[in-house]
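Working notes, structure below.
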Amino acid sequence: MNTLKAEKRSLDVKAKRLRREGFVTGNVFGRELAESIPVMKVDVERMMKTDHKGSQIMLDVDGEQYDVLIKDIAFNPLKGIVEEISFQALVSNEMVHSVAEVILVNHDKVAEGVLQQLLNEVSYKAYPSAIVDSVKVDVSQMKIGDTIRVKDLDIAADKDVEIHTDLEAPVVTVTAVHNDVPETDEESADGEAAAE
């Protein structure tokens, strides 16, 4: 589990100023940390290479360790940076709401048809010990007409997890390839001219 270092900040320091100084602002919900916590931007970028929304990490706030879930990430697409990050403090005997990213594996083994991923994440509630940030779906045996639904995933079989996404929702399906290219007006006009 990764550890991210943060520090408590005085409420009179504005978030804009912190961002200019190379920090990402953060909040921890579910604990007595009412104030915002700045995190170094480089540390957040390093963490984002392996962890994302729904990941469980250790948050070190001025030397105090908190077991947290990355709840939300506010990304500014124009600047290409994370501006704010929210964490949920975890307590071992309390269920927490999270999401697991759906990752398809072995797509290169699908011999025919077109693989279509219809669901990118599964919403669920679980105790901290059962939290997962991703669900791998092996699609190597799929054929045209096959569909994998949420109820078919490993996470749905876990008795410590309460699935909130519709169990019948399709995750991935394989459809037939259609190569019918409609004739354009130009092609049909050329064909008629050649026939004359």
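Using r as the Cβ-Cβ distance of Lys109 and Asp62, and R0 as 45 Å, what FRET efficiency do you calculate, to the nearest 0.05? Spell out each step's value before the answer.
Working: r = 49 Å, r/R0 = 1.09.
Computed FRET efficiency for Lys109 and Asp62 comes out at 0.35.
Quick one: which of 145-151, 104-110 comes out on top by average Cβ neighbours within 10 Å, and what's the full order, highest first? Write down the numbers at each step before the final one.
Values: 145-151: 16.1, 104-110: 13.3.
So the order, starting with the most tightly packed, is 145-151, 104-110.
Would you mind getting me the FRET efficiency between Thr3 and Met95? Use the beta-carbon distance for r and R0 = 25 Å, nearest 0.05. Mind showing how you got there, number by number?
Working: r = 24 Å, r/R0 = 0.95.
Computed FRET efficiency for Thr3 and Met95: 0.55.
The calculated FRET efficiency for the pair Ser140 and Ala169, based on their C-beta separation and a Förster distance of 22 Å, comes to about 0.50. List, in the order given, every pair from Lys79/Lys151; Lys49/Lys71; Lys53/Lys79; Lys41/Lys151 whose Cα-Cα distance in the structure shown is over 28 Å. In this structure, Lys79/Lys151; Lys41/Lys151 exceed 28 Å between Cα atoms.
FYI, it's all coordinate maths here, none of it is from the lab. Not measured: the values here are computed from a predicted model. Cβ: placed from backbone, ideal geometry, glycine included. Neighbour counts: every protein chain shown.
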